[in-house]
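Shown next, in structure tokens, is the structure this report addresses.
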Amino acid sequence: MDPHNENNKSWKQEGIFDTYEEADNERAVLLSMNTDNKLLVKVKRCGDDGCRFKVKSWYPPEPKKNKKKRKKNDHSS
């Protein structure tokens, strides 16, 4: 993964469930708690033969603030 690529996301695992309905309920709860609509939540199959369901979430990181660079004074005279 290229850390400079915008499409690379570090998804956080929220839980693993035995049924899709349980996973979908967890997804709905996570989305309902999010007030700024930036949270992404997905349900993925996992386990042997895809018999379980994993809920993952991603929230965009805060933009980094650019600090002004200070000029270094050269005292070599």
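The values are calculated or read from the model by the stated rules, or taken from the named source; none is laboratory data. Everything numeric here is computed off the predicted structure, so don't read it as measured data. We place every Cβ from the backbone using ideal geometry, glycine too, and count neighbours over all the protein chains shown.
Per the conditions (1) modelled with pLDDT of 95 or more; (2) hydroxyl-bearing (Ser, Thr, Tyr); (3) outside any strand (DSSP E or B), the sole criterion not satisfied by SER57 is (3).
If you go through the stretch 25-52, how many residues are assigned to a helix (DSSP H, G or I), touching a strand residue (DSSP E or B) at 6+ places or on another chain (Cβ under 7 Å) and surrounded by fewer than 14 Cβ atoms within 10 Å (Cβ to Cβ)? Step through it out loud before you land on a result.
If we filter the stretch 25-52 for residues that are assigned to a helix (DSSP H, G or I), which is where we start, we get 25-33, 48-50.
Now restrict to residues that are touching a strand residue (DSSP E or B) at 6+ places or on another chain (Cβ under 7 Å): 26-27, 30-31.
Keeping just the survivors that are surrounded by fewer than 14 Cβ atoms within 10 Å (Cβ to Cβ) gives 31.
Result for the stretch 25-52: 1.
Among the residues of the stretch 2-22, those that are more than 10 Å from LYS56 (Cα to Cα), of a type outside the set (D, E, K, R) and at pLDDT 95 or above comprise PHE17, THR19, TYR20.
Looking at this structure, is LYS65 in contact with a Pro (Cβ under 8 Å, 6 or more places away or on another chain) and modelled with pLDDT under 95? Spelling it out, it is not the case that LYS65 is in contact with a Pro (Cβ under 8 Å, 6 or more places away or on another chain) and modelled with pLDDT under 95.
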